[in-house]
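Chemist: First the structure, which I've put down as structure tokens, then a few questions once you've had a look.
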């Protein structure tokens, strides 16, 4: 089996050493071919060595990871982001299905991220999750952001504006789209409640999350009923009512 060529980009020598040791001990499918301490070195090294995978520290003194990626053009390598800073919204990584590791790096999370990258490479997955992450970070309107939906056979990439509502179905989530189509996604509704809450979506019931852009009517009741474009009516839980009304008033 061919090993995955990789480089580490991190301004902290100790962090590079720790990650290098973990990779050497727990990730036999990785071949480390270089290390860099800033984005200028990283750019030159990536162009020279053409690695398949970059372990990329987000925040560095002479520019962050996004400065590097925004000027790159087409991102033709896999990325596992590494950060010690919690202000980088985990939602952004989850929406784009981009891999990230929080410092101090957890060995199980490292193995999980590397195995996932290896699967993508083996399957010749052409979706640039890092590019979707960049697009989402720079999008002026939340509804222009993209969402990577994992399917049994791969991924779908959709705009948030295409999603009408989501419905819990056991440990899966069914996405219903404004065009009438639907997709069964292998993640639970709680995951999407967390990932989508800041981007114009609201959980109205234990079984449903709605896109507030498409609310056309609210019918009073103990919890009430919300009506979406196309006439779809969904029950609102009593404990979700106040939050829904507040969020609708802000749209």
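The values are calculated or read from the model by the stated rules, or taken from the named source; none is laboratory data. What you see is a predicted model; the values in this text were computed from it and never measured. Note that each Cβ is placed from the backbone with ideal geometry, even for glycine, and that neighbours are counted across all protein chains shown.
Chemist: Given 207, 197, which one is in contact with a strand residue (DSSP E or B) (Cβ under 7 Å, 6 or more places away or on another chain) and either surrounded by fewer than 20 Cβ atoms within 10 Å (Cβ to Cβ) or not assigned by TED's automatic domain parsing to the domain that holds residue 163 (or both)?
Modeler: Just a single option satisfies the conditions, and that option is 207.
Chemist: Taking the stretch 20-46 only, how many residues are assigned to a helix (DSSP H, G or I) and in contact with a helix residue (DSSP H, G or I) (Cβ under 8 Å, 6 or more places away or on another chain)?
Modeler: Qualifying residue count, the stretch 20-46: 6.
Chemist: Could you check the stretch 118-162 and list, in sequence order, the residues that are under 14 Å from the mean Cα position of the chain (by Cα), part of a helix (DSSP H, G or I) and at pLDDT 75 or above?
Modeler: The one that is under 14 Å from the mean Cα position of the chain (by Cα), part of a helix (DSSP H, G or I) and at pLDDT 75 or above: 160.
Chemist: Scan the stretch 110-117 and tell me whether some residue there is at pLDDT 75 or above, closer than 23 Å to residue 211 by Cα, out of contact with any helix residue (DSSP H, G or I) (no Cβ under 9 Å at 6 or more places or on another chain) and outside any loop (DSSP other than H, G, I, E, B).
Modeler: No.
Chemist: With respect to the numbered conditions (1) under 30 Å from residue 124 (Cβ atoms); (2) under 19 Å from the mean Cα position of the chain (by Cα); (3) surrounded by 12 or more Cβ atoms within 10 Å (Cβ to Cβ), which one is the sole condition not fulfilled by residue 177?
Modeler: Condition (2) is where residue 177 drops out.
Chemist: Would you be able to say whether some residue in the stretch 95-106 is farther than 20 Å from residue 197 by Cβ, loosely packed, with under 15 Cβ neighbours inside 10 Å and modelled with pLDDT of 75 or more?
Modeler: Yes, there is a match, as at least one residue in the stretch 95-106 is farther than 20 Å from residue 197 by Cβ, loosely packed, with under 15 Cβ neighbours inside 10 Å and modelled with pLDDT of 75 or more.
Chemist: May I pose another question? Within the stretch 69-88, is even one residue assigned by TED's automatic domain parsing to the domain that holds residue 187, at pLDDT 70 or above, within 13 Å of the chain's Cα centre (by Cα) and crowded, with 19+ Cβ neighbours inside 10 Å?
Modeler: No: the stretch 69-88 contains no residue that is assigned by TED's automatic domain parsing to the domain that holds residue 187, at pLDDT 70 or above, within 13 Å of the chain's Cα centre (by Cα) and crowded, with 19+ Cβ neighbours inside 10 Å.
Chemist: Kindly provide the set of residues from the stretch 215-251 that are free of Cβ contacts under 8 Å to residues at least 24 places away in the same chain and surrounded by 14 or more Cβ atoms within 10 Å (Cβ to Cβ), ordered by number.
Modeler: 223, 224, 225, 226, 227, 241
Chemist: Tell me which of these residue 212 doesn't satisfy, since it passes every other one: (1) exposed (fewer than 13 other Cβ atoms within 10 Å of the Cβ); (2) modelled with pLDDT of 90 or more.
Modeler: Among (1) exposed (fewer than 13 other Cβ atoms within 10 Å of the Cβ); (2) modelled with pLDDT of 90 or more, the lone unmet condition for residue 212 is (1).
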